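The next block holds one structure in the form of structure tokens; read it before the comments.
The values are calculated or read from the model by the stated rules, or taken from the named source; none is laboratory data. Since this is a predicted model, take the numbers as computed values, not measurements. Here Cβ is always computed from backbone atoms with ideal geometry, including for glycine, and neighbour counts include all displayed protein chains.
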Amino acid sequence: MNAMLLNHALRLLAQREHSEQELRRKLAAQFVSAATPADDEGAFTHARRGAKRTAAKPALQFSRSEWPATPEAFATELELVIAHCVQQKWLDDQRYAGMFLRSRSQKGYGPRRIEQELRQRGVPSEAITQALFDSDIDWSALAARVAERRFGSPLPTERLPRSKVIRFMLYRGFYQEDIQSLW
């Protein structure tokens, strides 16, 4: 297993939880897609795709001996690092889904929006379903708090202002039943 990849994975996981797909994407972007020869001593400098190189933010540097020889070798090393992180319970999609659900619901987002964002982050459907099932969030009460914070109390009952409230709540990811229960 490549120590360089493992160290970078641990640095990322120390900052916050990641899904397996997020970690895989970040490691691959950091170490594969932007590899360019850098200096006369034979080291490679790697930076994020599209990032500008500046003296203020040095890129990661490592010797040729630390770098996997082929893209296939890198993919194998990457999968070993991911598997090791999962085995050590440093990386867990179920735990990530639960933490993400709590975080986004505290910001006023509904279950549909949170589910969609988790899918975009590569979390398996089973983990999403289990996180939603295990949560003790009262989505109707959350919808009422979000609507009141945004539109005040009492909520408008006229057709146009009411449709604005409904559109906003749908955008936030709440179910139609929770929105209708506001009135």
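Tallying residues that are within 30 Å of Val86 (Cβ to Cβ) and among the aromatic types (Phe, Trp, Tyr) within region 96-153 yields 4. Is there a residue being part of a helix (DSSP H, G or I), closer than 16 Å to Ile137 by Cβ and modelled with pLDDT of 95 or more anywhere in region 80-96? No; the residues of region 80-96 include none that is part of a helix (DSSP H, G or I), closer than 16 Å to Ile137 by Cβ and modelled with pLDDT of 95 or more. Looking across region 108-120 at every residue that is more than 13 Å from Asp178 (Cβ to Cβ) and buried (at least 18 other Cβ atoms within 10 Å of the Cβ), the one that is nearest to the chain's Cα centre (by Cα) is identified as Leu118. Taking (1) of a type in the set (A, V, I, L, M, F, W, C); (2) farther than 27 Å from Arg121 by Cβ; (3) modelled with pLDDT of 85 or more in turn, Ala56 satisfies each apart from (3). Residues that are exposed (fewer than 15 other Cβ atoms within 10 Å of the Cβ) and at pLDDT 70 or above within region 30-45 are absent altogether.
Of the set (1) modelled with pLDDT under 95; (2) closer than 14 Å to Arg113 by Cβ; (3) among the hydrophobic types (A, V, I, L, M, F, W, C), all apply to Phe151 but (2). The residue of region 139-183 that is nearest to Pro111 (Cα to Cα), among those that are aromatic (Phe, Trp, Tyr) and not in a loop (DSSP other than H, G, I, E, B), is Trp139. Within region 122-147, the set of residues being surrounded by 17 or more Cβ atoms within 10 Å (Cβ to Cβ) and of a type in the set (Lys, Arg) is empty. Scanning region 133-183 for residues that are without any contact (Cβ under 8 Å) to a residue 24 or more places away in the chain, charged (D, E, K, R) and in contact with a helix residue (DSSP H, G or I) (Cβ under 7 Å, 6 or more places away or on another chain) yields a count of 1. Here Val123 meets the list (1) under 14 Å from the mean Cα position of the chain (by Cα); (2) in a helix (DSSP H, G or I) almost entirely, failing just condition (2).
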